[in-house]
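Read the figures in this text as sums done on the coordinates, not as results from a lab. Model, not experiment: these values are computed from the prediction. Positions of Cβ are backbone-derived with ideal geometry, glycine not excepted, and every protein chain shown enters the neighbour counts.
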Amino acid sequence: MSKKLFKNYDFEFDKNEKKILITFCNQVIKQLGTDQRYYREANVFSSIISKLKADTEKVKLTKEEKTKLVLQLKENIKYTEKELQKSGFLKRWMLKSMHKQYSELFNKHFKD
């Protein structure tokens, strides 16, 4: 089993997926706030947003951008799964659609 030397960080997102990712990245930036400890992470997600907003078919991410985006998506999926177990009807209804969107996006583009 050979390991790839170079990985492809080019992604083709449709219009809806770009909107979901832009919203997700904005939420992450809001959570990080203006704390100087998270300055680098905030810049990474700002860079991802600018690349997603560009009118190009392919979005080319750096290794660091892809890694941080995938890590945050995984954590968000885990969190929503936990919250779905203990939430009431209305909250579960809202979380279920968010969980489905993030899971499909992750499985389609980022699952190795």
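Under 5 Å between amide hydrogens, built in the peptide plane, is the criterion, and for Phe13 it picks out Val59 among residues at least 5 positions away or on other chains.
All other residues whose Cβ lies under 13 angstrom from that of Gln101 are scored, Lys and Arg at +1 and Asp and Glu at -1, for a net of +2.
Considering only Asn16, Asn43, Asn26, the mean-square fluctuation computed in a Gaussian network model of the chain, springs between alpha carbons under 10 angstrom, is largest for Asn16.
Estimated from helical segments only, the mean residue ellipticity of the chain at 222 nm is -22500 deg cm²/dmol, where each DSSP H run of four or more residues counts as -39500 (n - 2.57).
Calculated from the structure, Cα extents along the principal axes in Å equals which of (i) 45, 40, 30; (ii) 59, 25, 20; (iii) 45, 32, 12? Answer label, from the structure shown: (i). Of the GluC sites (Glu not before Pro) found in region 1-83, those that fall in a DSSP loop while having at most 16 other beta-carbon atoms within 10 Å are Glu12, Glu57. Which of the trypsin sites (Lys or Arg not before Pro) found in region 13-109 are loop residues per DSSP with 16 or fewer other Cβ atoms within 10 Å of their Cβ? Here the sparse-neighbourhood loop sites are Lys58.
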